[in-house]
């Protein structure tokens, strides 16, 4: 996935402070169970982020000079904590 796509995903290791008090616990979900806004993936700023190049197949109408399949490489990455995709 692209780094921008990853930044929209929840990270189970991210924590944020919900209150301004020192004794308040750091959490990754609200009391209602919603994802806390500060707990998304930080992409390449994370030590677990692994850069990768993905090949995307694009299909078009085949012709006599074209097979109808084009392969494009696009940069991206993945969370190394979960292993390779």
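No lab work stands behind these numbers, since they all come straight from the coordinates. Because the structure is predicted, anything quoted here is derived from the model rather than measured. No Cβ is skipped: glycine too gets one built from the backbone with ideal geometry, and neighbour counts run over all protein chains shown.
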Mind sorting out which of (i) 9.0; (ii) 5.2; (iii) 8.0 is the real mean projected area of the Cα convex hull in nm² computed from the coordinates?
(iii)
Kirkwood hydrodynamic radius, the stretch 46-85, all distinct C-alpha pairs: what's the number in Å?
12.2 Å
How do 27, 69 rank when sorted from fewest to most other Cβ atoms within 10 Å of their own Cβ?
69, 27
GNM of the chain, Cα pairs under 10 angstrom: of 63, 16, 44, the biggest fluctuation goes to 63
Helix-only CD estimate at 222 nm, as mean residue ellipticity for the chain, using -39500 (n - 2.57) per DSSP H run (n ≥ 4)
-500 deg cm²/dmol
